[in-house]
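Asks: Quick one: this structure, given as C-alpha cells, is what I'll be asking you about.
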Amino acid sequence: MRLGMIIDYSGGFAETVELLQEYERNGLDLVAVAEAYSFDAVSQLGYIAAKTEKLQLMSGIFQIYSRTPSLTAMTAAGLDFVSDGRFNLGIGASGPQVIEGFHGVKYDAPLGRTREVIEICRQVWRRQPVEFEGKHYKVPLTKEHGGSGLGKPLKIINHPVRSEIPISVAALGPKNVELVAELANGWQPLFFHPGQAQQAWGEPLAAGLAKRDPVLGELDIQLQVQFHLGEPTPEANATIRNQLALYIGGMGARDKNFYNQLACRYGYEAEAKEIQDLYLSGKKAEAATAVPQELVDAVTLMGDEDSIRRQLVEFHDAGIRTLLLNPLAATPEERAAQVGRLSKLIAEVRSA
C-alpha cells in the first residue's frame, strides 16, 4: 500500500507544496491535485513537478467533457515530460451540475465517452496518427460528420516520455466501475466503505476484471480518504460531516445524485433520503447532523494507532493499494508528521 495525498482546491496550496519534500521524507509516494470548478489542476501540477524530484503526480481528476480526448492526451504527455515520467492521468465524468452549469457542455454518455477517451489517449501516446471513429468522438472530423473535409490524421509532434501513461478513473456507478476494472490502471472511488464494498461493487468489479488485459496488471484502487491520527477535533468532524452532507444531499439533482445512490447501495436508504431532503430544503446543518456516525467512521481513516492499524487491514483486504489522504491536522507541520507516522504503521501492518 502506497501513500498519496490530495491537494484540495479549497486552499493551503503554497504551504503544502513547500512541505512536499518533508512529506516525501515521511513516506509520501504520490501527490494528486483536484480540479472540480476551481483553478485548473494542470498549472498546479506543473508547479509541483518543478518543485519535486521523485514524487509521483496525478490529476484527481480531469473532467472528460472539458477537454477533447487529444488535448487530454497532450496535457498528460506534457505533464509527464516536465516531471520526467512521474505523471498519472486521473479522469472522470463529474456530473451535469458542473459540466452543464459551469462549462455549458451537454452531459451525456459518460460511460461511452470515458471508454473512447482512454482509447484515443493511448493512440496519441504511442505516436500513432489519430484515427478514431466512435459513437461520441470522430477523429479526424470528416465532412460526412460536419467537418470541412480538410482534417487529416496527425500524430503528436513530440516523443512522449512514455508510450503508456497510467490512467485512473473516478467512478461510482456499477457500469462505470465495470469499465474501469476492464480498461484502466487505477480506480479512484470516493467514500469507499470497506465493509460494504463487495455489496456495492463486487459484481461490476468481477465482470470488468474478467475482460481485463493482463498487461494492465492489478487494478490499483486509489482511495481518497480524510485522515487524522488521534481524536479528531470538533472542526475536523464538522468538515467530514459537512462534506458527506454536501455530496449525499446536494451534489446533483434529487434523481441524479451518484453519491446519494451510493449511500443507498451501502444500506443507508432512509438516512440518504433524510440527508437529501434536509439539504435541498436549505437545512445544511441539520443534514450534516443526520449523517450516520457509522458511515463517517467507515469512510475515513481516523483514530488512535490501534484503530488506524485495524482500518488499514480492512482497506487492504478490500483491495485498496493507494491511499490518497486529505490530512486534517491543524498545521502543515502536524500533517507532515502524521503522514510519517502513518507510513510506519503501514510498514508494521505489512510485516505482521
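Asks: Of the residues V124, V177, which single one is buried (at least 16 other Cβ atoms within 10 Å of the Cβ), in contact with a Ser or Thr (Cβ under 8 Å, 6 or more places away or on another chain) and part of a helix (DSSP H, G or I)? Show your work before the answer.
Replies: Values: V177 fails: in contact with a Ser or Thr (Cβ under 8 Å, 6 or more places away or on another chain).
One residue alone meets the criteria, V124.
Asks: Kindly indicate which of A50, A109, A77 is under 22 Å from N176 (Cα atoms) and in contact (Cβ under 8 Å) with a residue 24 or more places away in the chain. Full working, then the answer.
Replies: Numbers: A50 fails: under 22 Å from N176 (Cα atoms); A77 fails: under 22 Å from N176 (Cα atoms).
One residue alone meets the criteria, A109.
Asks: Filtering region 53-77 down to residues that are touching a helix residue (DSSP H, G or I) at 6+ places or on another chain (Cβ under 8 Å) and open to solvent by 30 Å² or more (accessible area, probe 1.4 Å), which residue is farthest from W125 (Cα to Cα)?
Replies: Filtering first and then ranking leaves K54.
Asks: Something else about it: Answer with yes or no whether A50 is farther than 28 Å from E131 by Cβ, of a type in the set (A, V, I, L, M, F, W, C) and open to solvent by 30 Å² or more (accessible area, probe 1.4 Å).
Replies: Criteria met by A50.
Asks: Residues to consider are I48, I91; find the one that is among the hydrophobic types (A, V, I, L, M, F, W, C), at pLDDT 95 or above, within 12 Å of V33 (Cα to Cα) and in a helix (DSSP H, G or I).
Replies: When all the criteria are applied, what remains is I48.
Asks: Which numbered condition in (1) open to solvent by less than 60 Å² (accessible area, probe 1.4 Å); (2) farther than 25 Å from I346 by Cβ; (3) small (G, A, S) is the only one that G90 fails?
Replies: (2)
The values are calculated or read from the model by the stated rules, or taken from the named source; none is laboratory data. Remember, predicted model here, so these are calculated numbers, not experimental data. Please note: Cβ atoms are built from the backbone with ideal geometry, for glycine as well, and neighbour counts cover all protein chains shown. Side chains are part of the model used for accessible areas, which takes the heavy atoms of the whole protein and leaves out ligands, DNA and RNA. Shrake-Rupley method; radii C 1.70, N 1.55, O 1.52, S 1.80 Å.
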